[in-house]
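Have a look at the structure below before the remarks.
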Amino acid sequence: MPEITRHAVEEFLFHEAALLDEWRLEEWFALVAKDGRYLVPSLDAPDAEPWEALSLISEDHAQLGSRVRQLLGKSAWAENPRSRTRRLVTNVRVLEQSGDEARVTANFAVWRFQMEATDVYVGRYVHQLVRGPSSLLFRERKAVLDLEALRPHGKLSFIL
Amino acid sequence: MSRSHADLVVDDRTRGLFRVDRQVFTDPEILERERREVFGRTWLYAAHESEIPKPGSFVSRRVAGRPLIIVRDDGGGVRVFFNSCTHRGNLVCWESAGQRRSFLCPYHAWSFNLKGELAGLPGAESYSPAFDRKDLALASPPRVESYRGLVFVSFDRAIESLVEYLGDAREYVDLMLDFGGVETEIAPGAQAYSMKANWKLLVENSLDGYHAASTHHRYFGQFLPDIGIDTSAARRTSGGAPAAIGRATSLGKGHTVIETRFPFPLQERAKDELAEIRRRLLDRFGAERTSLMMDANHNLLIFPNLILISMWRTLRTFYPVSPEFVEINAWCMVPRNESPKLRQLRFENFISFLGPAGFGTPDDVAGLEGCQRGFAAINGHAGWSDISRGMHRAEPDASDELQMRAFWRRWHALIQGDRGVTECSDRGPLEAGAA
């Protein structure tokens, strides 16, 4: 089995970032494995597992699929009109390899603009990637925020 | 202020009309009065005893804008101190939680023990004989009391006891704490967020059944069906508004509750575990109380700024930084010693709706920030907010607005300096001497 290279991971994460910034959410959702999970831990418990502490987001494939449909629908008021986002993804590292899977990390900064507000979300990704039929896929997609509080952001209504 | 405080709220019980002058959401002078007359004259939630399990365990946080340390002393008691050195005022605790033997001010290295006493200061011999360490203990809020683990403080030395203050709201607090059949604790992982909106909009919103069908369609009409929960029966009987199947009750003193029945994810995802808990609760509390805890949802306001929501096991409190900005903190209440699996399902149930990344709260944040922007239009009809819904009904339901009027009536009395009994329900004003 050839290893999953940092270059391949970067290509994957940069592609993902473009899909999210362009609100191509159905294409993005196809990058999540059927047993994939999306996690954003609480700001004061960044290393806790989803059963140890209340998270900001802890979703399986079905719940995440609903999130995508809601965001593409007409009644997610917090994203209507939609935010403009621009994400910078850097410092990509492959932490662990085993068989078809790799544990990877990267830093992110996402600027969000909506209703005359500018909010910045800064943190690190810790993902479990698995080789799929035509591309890498997320088995676990975790965004760990460095913020101490979502102030003045108030909300995290787009996919981080 | 162009109007007197008496005119801020129009409460016409004969015609069934209730409205609030939108200046209450924008005027800095009103906020100054609120700090004195509302937050200065009530019991305010500070912490839960489970957050400080051992001697020396502490949390530090702002309550009504004031920095406090809530700490467990060596005798197991709970103490609350202002987080400000008695020497020059610096914070003596810089962490939000932890365990300590003492609190050391980094400025001149004065240190305070778990009783708040000034235990050490460098060069003590340089002070005159009149300098008395006993006078320099960390100060405490004038009143600190707990109810079943919930620690409250008051800055009003003369206020009634906490239990008297809770009054008729106490039985709903009990329902909120007994639901697991064992002791309740606060789970790790707090939500800390904000809204660019007046704090009273969040009081209203936390008790608002009317907005559920419109603001929260994505949750009740999209998310729940998406994960296999059938909401059609509840939505048919209620015109899409879950809260319409329920009632609103004024509990006096500005406390108020709505009771609703609507499916939520945990009921589906933790059927077996909940059946086991139901058996335990039935043994202990009987059928009626058990059903209130297992099948009904309560959104409870403890005046002025503590919200407990049973469907999501949420404890939320908030405080204004300015008329147009509120800081919000929320926690999850869980039964002690539950399995990791059930605990995760409870967490996911909570955050599916509530919190800055859920499918409910972000739309409330957007909506309330929109209201605040709209207030800039203050003029003519745009000068008033209408809160009359259901005022003519003998028994208002949960999508009416009695629960908000109850808050506003107590708020309005306090703002005018009236600390006597307020008739918070839609009944006529108290007759002289009836209190």
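Please compute, for peptide A:70-82, the average count of beta-carbon atoms on other protein chains lying within 10 Å of each residue's beta-carbon. Shielding by partners across A:70-82 averages 5.
With the Kirkwood sum run over all distinct C-alpha pairs, chain B has a hydrodynamic radius of 23.2 Å.
Among the GluC sites (Glu not before Pro) in segment A:40-135, which ones are in a DSSP loop with at most 16 other Cβ atoms within 10 Å of the Cβ? Mind listing them?
A:Glu116
Residue separation of B:Arg419 and B:Arg13 scaled by 0.36 nm, minus their Cα-Cα distance, works out to 144.0 nm of gained length. Antiparallel versus total DSSP beta bridges in segment A:6-145: what percent is that, nearest 5? Just about 90 percent of them are antiparallel.
In chain B, the sites counted are chymotrypsin sites (Phe, Trp or Tyr not before Pro) in DSSP loop states with at most 16 other Cβ atoms within 10 Å, and the longest stretch holding none of them, exclusive of the sites, is B:132-435.
A simple spin-label model places the labels of A:Arg84 and B:His108 5.3 nm from each other, with each point 7 Å out along Cα-to-Cβ.
Between B:Arg62 and B:Leu68, the built amide H atoms are under 5 Å apart, and every one of these is 5 or more places off in sequence or on another chain. Taking the centroid of alpha carbons for each part, segment B:1-79 and segment A:120-159 are 35 Å apart. For chain A, the share of alpha carbon pairs falling in successive 10 Å distance bins from zero is 10, 40, 39, 11, 1 percent. For segment B:44-151, the share of alpha carbon pairs falling in successive 5 Å distance bins from zero is 2, 13, 24, 25, 18, 10, 6, 2, 1, 0 percent.
Take every Cα pair under 8 Å whose residues are at least 6 apart in sequence, average their separation, divide by the length of chain B, and the relative contact order is 20 percent. The slack between B:Ser128 and B:Lys54, meaning 0.36 nm per residue of separation minus the straight C-alpha distance, is 22.9 nm. With 21 Å as the limit, the listed pairs A:Lys74/A:Lys155; A:Lys155/B:Lys200; A:Lys142/B:Lys196 have A:Lys142/B:Lys196 beyond it between alpha carbons.
Taking B:Pro122, B:Pro362, B:Pro335 in turn, the Gaussian network model of chain B (Cα-Cα springs below 10 Å) assigns the largest fluctuation to B:Pro122. Anyone know which of A:Ala102, A:Ala17, A:Ala78 comes out most mobile in the 10 Å Cα GNM of chain A? Checking each option, the largest mean-square fluctuation is seen for A:Ala78.
Only Cα pairs under 8 Å and at least 6 apart count here; give the relative contact order of chain A as a rounded whole percent.
Here the relative contact order equals 24 percent.
What whole number of Å gives the distance from the Cα centroid of segment B:367-414 to the Cα centroid of segment A:13-42? If we compute the Cα centre of each part, the gap is 41 Å.
Rounded to the nearest 20, the size of the Cβ-charge dipole of chain A about its Cα centre is 460 debye, with Lys and Arg at +1 and Asp and Glu at -1.
The trypsin sites (Lys or Arg not before Pro) of segment B:44-101 that DSSP puts in a loop, and whose beta carbon has at most 12 other beta carbons within 10 Å, are B:Arg88, B:Arg101. When its C-alpha radius of gyration is set against 2.2 N^0.38 Å (N residues), the protein assembly as shown gives a value of 1.02. Potential lengthening of the chain between B:Ala382 and B:Trp94 amounts to 99.2 nm, from the contour at 0.36 nm per residue minus the alpha-carbon distance. Extending 7 Å from Cα along the Cβ direction at A:Asn91 and again at B:Arg284 yields two label points whose distance is 4.6 nm. Listed by chain and number, the lysines whose C-alpha is less than 25 Å from the C-alpha of B:Lys115, apart from same-chain residues fewer than 8 away, are B:Lys54, B:Lys134.
Each value in this text was obtained by applying a stated rule to the coordinates, not by laboratory testing. Only a predicted model underlies this, so the values are computations on that prediction, with no experimental measurement involved. Reconstructed Cβ throughout: ideal geometry from the backbone, glycine too, with neighbour counts over all protein chains shown.
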